[in-house]
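A short reminder: the numbers here are calculations on the coordinates, not readings from a lab. In this text the structure is predicted, and so the values were computed from the model without any measurement. Cβ sites come from the backbone with ideal geometry, for glycine too, and all protein chains shown count toward neighbours.
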Amino acid sequence: MSAAVPSAPPGLSIVVPVYRGAATIGTLVAALEKLSPEGGLEVVLVNDGSPDNSGEVCRALVKSAAVPLVYVEHSRNFGEHNAVMTGLRHATGRYVITMDDDLQNPPEEVLKLYDHARLGAWDVVYTRYAHKQHAAWRNLGSRFANKVADWLLDKPPGLYLSSFRCMSELVVRSVTRYRGPYPYVDGLIMQMTQRIDSIEVRHLPRANGRSNYTLKRLVRLWLNLATSFSLAPLRIGIIAGAIIAALGTIGAVATIIEALFRHDTPSGWASTMTVILLLAGVQFTMLGVMGEYIGRTFLSANGKPQGTVRLVERGTGTHHDAPHSNAQ
């Protein structure tokens, strides 16, 4: 029996990217089922090519969940922000909350976040944590990324960019128009609204396993932030070039003066090599930055996918209904 998609959109959709979440996603969905948000609830799970049995667990949840649940399966791992974009496209709620599958964001905080956004008519509400329960290196990386975002993005100063956020339907429609292969959800948000607020919520220790964010993944995220939504790295090159040119001019004048008034001028090997190495370092750095921009433009022009959906299954939230499934 095929389950029809509800005709009236729910008040709240919760999008959860799933990666190595087989041990926690069932607990999370069970906790979300107990919530009663204004207008009703929908849960969207996006399996981003998880190598464990997360897919089997999620498909079982489609059949057993007490709330409408949409399961979307990527054909491979595309990354957290890509999975979030896919989830946003399948969400139908008037507001959408994104959260991780690791239970570090308490499900009971969902209503607090949703009500703050809904009652305050905010386009986006982020969460901030009094005490983050991540490893020290991860906290340091998050602070660095937020400092970079302060400079690169037109965002309210000091706003913490958390993955546990609530967005209005207007923002979701705007964000999902982006089809490029390197999405950065917060960068897209900052381009379309400044009606943004934040609230403080609890942050719990990770319930199982370790963080899926390795140093390599964090570096990729920073590159998406820096090169997909800002020309600042290229402008840094202009500034660096101007500074080096000014220093070079000063050095040239000093060398000429020294040659005119001193006849025992040393050969200048050290200073020459210093200048050459300095200029070469700046040049190669900027060539790398330009190459990153060109490479991303090339891949985008050649249709590198943001995310390929293999399967979508929908459950209506009743235990006896079988899900509707289709491959894409």
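Remarks
- Within the straight-line cut-off of under 13 Å between alpha carbons, the aspartates and glutamates reachable from K63 are E313, D321, sequence neighbours fewer than 8 places apart in one chain being disregarded.
- For peptides 99-111, 292-304, sequence by mean Cβ density within 10 Å, most packed first: 99-111, 292-304
- Stretch gain in nm, segment E108-I250, where the contour uses 0.36 nm per residue and the Cα spacing is subtracted: 44.8 nm
- Shown is the FRET efficiency for R310 and I276, computed with R0 = 51 Å from the Cβ-Cβ distance and rounded to the nearest 0.05: 0.45.
- On full extension, the segment bounded by D197 and A8 gains 65.3 nm, given 0.36 nm per residue less the C-alpha separation.
- Net length gained if the chain between R76 and R173 were fully extended (0.36 nm per residue, minus Cα distance): 32.5 nm
- Label-to-label distance for A242 and R128 is 3.3 nm, based on points extended 7 Å past Cα in the beta-carbon direction.
- Reach of K304 by Cα under 16 Å, taken over aspartates and glutamates that are not fewer than 8 positions away in the same chain: E292
- Calculated FRET efficiency for the pair D52/F298, C-beta based, R₀ 35 Å, to 0.05: 0.55
- Cβ crowding within 10 Å, taken as a proxy for footprinting-reagent exposure, orders T86, T27 from fewest neighbours to most as T27, T86.
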